[in-house]
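The values are calculated or read from the model by the stated rules, or taken from the named source; none is laboratory data. Just so it is clear, the model here is predicted, and its values are computed rather than measured. Ideal geometry is used to build each Cβ from the backbone, glycine not excepted, and the neighbour counts take in all protein chains shown. The accessibility values were calculated without ligands, DNA or RNA, using every heavy atom of the protein model including side chains. Shrake-Rupley method; radii C 1.70, N 1.55, O 1.52, S 1.80 Å.
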Amino acid sequence: MSTRTMITMTTTALSPAASIARTSFRNVLSGLINCGYKSSSISCARQLLSSTTSRHAPESASARFASTTPQKIGCSNFSSSPTSSASSSALEPRKDALTSSDGVVGYPIDFDIASSVEGKESQIVTIRLEPNQILRAESGAMMYMTHGVQMNTTAGGGLSSGFKRMLTGQNIFISDYSYDGSSGPYGYVALGTDFPSKIVRINLEEYGGKVICQQGALLCASHTVDVNVEFTKKFSAGFFGGEGFVLQGLSGKGDVMVKAGGSLIRKDLKEGEVLRISSGCLVGFQEGVE
């Protein structure tokens, strides 16, 4: 028996008001069939139709049927409809939130699709933010941000952490950018450098979770990236190498954007290979390189 024949009612002698009410309810059921609701939901509505058509009170018929819309019929099987399941799955919270070392919680940023570097000799980077994503950037690097983007400037773990960043060439304070979702699905932040620079994105997981850079190299990063103090392993390298004795260590999970002036060259060293570099030309290297 098809679904349409399941809801066919036997004709009985009813009052005019009840006949009109029954016809209205049958139209509601026909709409349910056309919308693709399951047969169990139609059966539930069929029982409601049987109970309401058995009452012949004209004064309450219109009030009863005015409230019997598909959204208010007391049937638990309506949650199995395609529309309801899609909307409920869209409201499920994400489970990939990450917490930084200073307690900031946010969703990770996919820099592959959310970052755009523009310019030639003096570049800027634009980061696209979704709600509850956190971008951590050097204080004072922001060029503009769209409506709905909020900036929170803190010491990023206290004064001790701020002092540690200052030793690596960064500011004591650091800025966290987030988007509240008030102006559409995305918000944008544009960051620039304090001198004409190229901007390079580095995924820390591809380099063992840590890279060591020259002082002041960090422009912005995922909120789960920490800035640490690194020292040159040899006194002669720190004194004559042009980078100083203190370097900047970037460790954690996520991506970093580093800045460097001039043209950039990447070199992959083989085991035991030695490459001599002019003083002041080193931008960064993986841990394990001496």
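Name all residues of the stretch 245-277 having a backbone nitrogen under 12 Å from the label point set 7 Å from the Cα of residue 215 along its Cα→Cβ direction, giving them as ranges.
Backbone N within reach: 245-248.
Which of 198/267; 120/270; 164/210 have a Cα-Cα distance over 19 Å? Mind dumping the intermediate values first?
Values: 198/267 17 Å; 120/270 31 Å; 164/210 17 Å.
Distance filter (> 19 Å) returns 120/270.
What length, rounded to one decimal in nm, is gained on full extension from residue 105 through to residue 253, with 0.36 nm per residue of separation minus their alpha-carbon distance?
Values: separation 148, 0.36 × 148 = 53.28 nm, distance 1.35 nm.
So the chain would gain 51.9 nm between residue 105 and residue 253.
List every residue whose amide H lies under 5 Å from the amide H of residue 247, counting only residues 5 or more places away in sequence or on a different chain, with H placed 1.01 Å from N in the peptide plane.
For residue 247, the qualifying residues are 230, 231, 232.
Quick one: order 201, 136 from most to least accessible surface, probe 1.4 Å. Show your work: numbers first, answer last.
Values: 201 95, 136 20 Å².
Highest to lowest solvent-accessible surface, that is 201, 136.
Give me the net charge for the shell around residue 152: Cβ to Cβ below 15 angstrom, other residues only, Lys and Arg +1, Asp and Glu -1.
On the way: positive: 136; negative: 102, 138, 176, 180.
My count for the surroundings of residue 152 gives -3.
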